[in-house]
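The structure appears below as structure tokens.
The values are calculated or read from the model by the stated rules, or taken from the named source; none is laboratory data. Please read these numbers as outputs of a predicted model, since none were measured by experiment. Reconstructed Cβ throughout: ideal geometry from the backbone, glycine too, with neighbour counts over all protein chains shown. Heads up: the accessible areas ignore ligands, DNA and RNA and are worked out on the full protein's heavy atoms, side chains in. Shrake-Rupley method; radii C 1.70, N 1.55, O 1.52, S 1.80 Å.
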Amino acid sequence: LNSALADVAYLRSLLPSTTEDAFFDYLATLDASEVTISAVPEGSIVFARVPFLQVKGPLLVVQLLETMLLCLVSYASLVATNAARFRLLAGPDVKLMEMGLRRAQGPDGALSASKYSYIGGFDCTSNVLAGKLYGIPVRGTIAHSFIMSFTSLEEVQPRELLPLAGGEPVDLPALAKSWLQRVCELLQTPPEKTNRGELAAFVSYAIAFPHDFQGLLDTYCVRRSGLPNFCAVALALHQLGYRAIGVRLDSGDLAQQSKEIRQVFRACGAHFQVPWFETTPIAVSNDISEQSLEEFSREGSEIDVIGVGMNLVTCPLQPSLGCVYKLVEVNGSPCMKLTEDEAKMTLPGTKVIYRLYDAAGHPFMDLMALEEEPSPSAGQELAIHVLGRLGETSKVVATTVESLHRTYFRDGQVCEPLPSLPEVRSHAQVSLSLLSPAHRRLHEPQPYMVAVTERLHNLLTELRQARQ
């Protein structure tokens, strides 16, 4: 109550002094329990002109909700959609890591981006707080600055590591140094060209995290230093019973380097009789974009994990999503916004949305009907008008009909169980998989049809003619 009174007092300070006191008294009585919100389940695909949310309640209350709801819906939908595009390009087998915290629009934007990227299909995040708050798997690697902070093996402390099976501790720097000689002989690389500070950093990290050792290869030179140093430490760990979990590249021709690294891993695996070494995961980062993923696919690569930052969380190809919140009915009377641009003209009346599926199980049309209309059924021939071609009447028959909206909030209470984040993510991926390949492709996709029923079209025509 005190908070509400403080809010009203602040609004009073902003508005003209001639504003009636009764208005502020009314503001203090506003109650969101009078609002009903129906929505498409979170993680569903929604197409242009199809209402995502339907809000019913006192006019002033639903007007006050506009900015908040658009803020919550727009950025979430934008980032999840952007993430879904990356997932489609990467394919189902490549792991995607969100790592946009340093480029996001502040800490709140970063946390939101981590959450919505996960819904869109990313597998993990480098944002530890997002992992804590939302349960998103957290992944990361060592930093260039960590590697650069070492200059020689003498700096490694502690130096010993216990074999996984038990026994006497082993001097890992000495063991890695001996393996480096053998690796360089195999790769025909001069051992003196490798950076010993880099080797020391790898060894120090391996001692601290022998089960999770991952090398960052491009601090100095991938071929001459990073790769042989990683192989030496990984093989030393293998001798003690441990298994390295992968490498990361952060510069250069990532696709080509991944193929060269895989050749080295195969050579080491075969020569030193370590079969698992051949399949050591290769992760890449460095300003990854949709174009990058298309190039990886076109050129062929051995990349297993892709880290995406700026081009994911800032959505540079479309920095904002044009969601709108429009009044369609007042006191039971349909209303609409008229404009010369048909794409911006609102559709009147309280509506129900149906998704129509074909015999192959793919959705092919979203159909908007007035709330009082009978629900369409599977196998029924429907007279419809496709948006953009409203003057034409078409006939369609659906194999399956799905009602999209569910009521989530009524009488001040959440009335539909809210799904967990993994459930939302799974639903989003299933929704994407149901789309026809013609609609799902990212370049020149076949337009997805959105239509209105004959009755809704007639109402639209009547209102347009009445207001002209």
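Tabulated data for the structure shown
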{"read-out": "Packing rank of 243-256, 367-380, where each peptide gets the mean count of other beta carbons within 10 Å, highest leading", "value": "243-256, 367-380"}
{"read-out": "Nearest-0.05 FRET efficiency for Ala28 and Leu418, computed from C-beta distance (R0 30 Å)", "value": "0.50"}
{"read-out": "Distance between modelled label sites at Asp358 and Ser375, nm, 7 Å Cα→Cβ extension", "value": "2.5"}
{"read-out": "Peptide ranges 12-20, 298-306, 319-327 listed from the most packed, as the mean C-beta count within 10 angstrom indicates", "value": "298-306, 319-327, 12-20"}
{"read-out": "Global form of segment 367-468, assessed from the alpha-carbon gyration tensor, a/c cut-off 1.5", "value": "oblate"}
{"read-out": "C-alpha long axis of helix 227-239 to longest principal axis of the chain, angle in °", "value": "80"}
{"read-out": "Gain in span if fully extended, Leu72 to Gln181, counting 0.36 nm per residue against the direct Cα distance", "value": "33.5 nm"}
{"read-out": "Accessible carbon and sulfur surface of the chain relative to its total accessible area, %, 1.4 Å", "value": "53"}
{"read-out": "Order of exposure, largest accessible area first, which applies to Cys71, Cys315 with probe 1.4 Å", "value": "Cys71, Cys315"}
{"read-out": "Heavy-atom accessible area order for Ser436, Ser149, largest first, 1.4 Å probe", "value": "Ser149, Ser436"}
{"read-out": "Segment 81-314: mean projected area of Cα convex hull, nm²", "value": "12.9"}
{"read-out": "Listed peptides 396-405, 22-31, 351-360 by packing density, highest first (mean Cβ within 10 Å)", "value": "351-360, 396-405, 22-31"}
{"read-out": "Distance between modelled label sites at Thr346 and Val170, nm, 7 Å Cα→Cβ extension", "value": "7.2"}
{"read-out": "Local net charge near Phe24, Cβ-Cβ under 15 Å (Lys/Arg +1, Asp/Glu -1)", "value": "-3"}
{"read-out": "³J(HN,Hα) computed for each position of segment 418-434 - Karplus, 6.51 cos²θ - 1.76 cosθ + 1.60, integer Hz, glycine/proline x", "value": "8, x, 6, 4, x, 5, 5, 4, 5, 4, 4, 5, 5, 4, 5, 5, 6"}
{"read-out": "Backbone HN-Hα couplings from phi across segment 252-257 [Karplus 6.51/-1.76/1.60, Hz, Gly and Pro as x]", "value": "x, 7, 5, 5, 5, 5"}
{"read-out": "Sequence-distant residues sharing a close amide H with Met365 (under 5 Å, placed H)", "value": "Leu356"}
{"read-out": "Cα gyration tensor shape for segment 313-401, rounded if a/c is under 1.5, else prolate or oblate", "value": "oblate"}
{"read-out": "Accessible solvent surface per residue of the chain, calculated while the other protein chains remain in place, 1.4 angstrom probe, Å²", "value": "51"}
{"read-out": "Binned Cα-Cα distance frequencies in the chain - 10 Å width, integer %", "value": "4, 16, 21, 20, 14, 11, 9, 5, 1, 0"}
{"read-out": "Estimated vicinal HN-Hα couplings, Hz - segment 294-310 in sequence order (Karplus 6.51, -1.76, 1.60; Gly, Pro = x)", "value": "5, 5, 4, 5, 5, 7, x, 8, 10, 7, 10, 9, 10, x, 10, x, 3"}
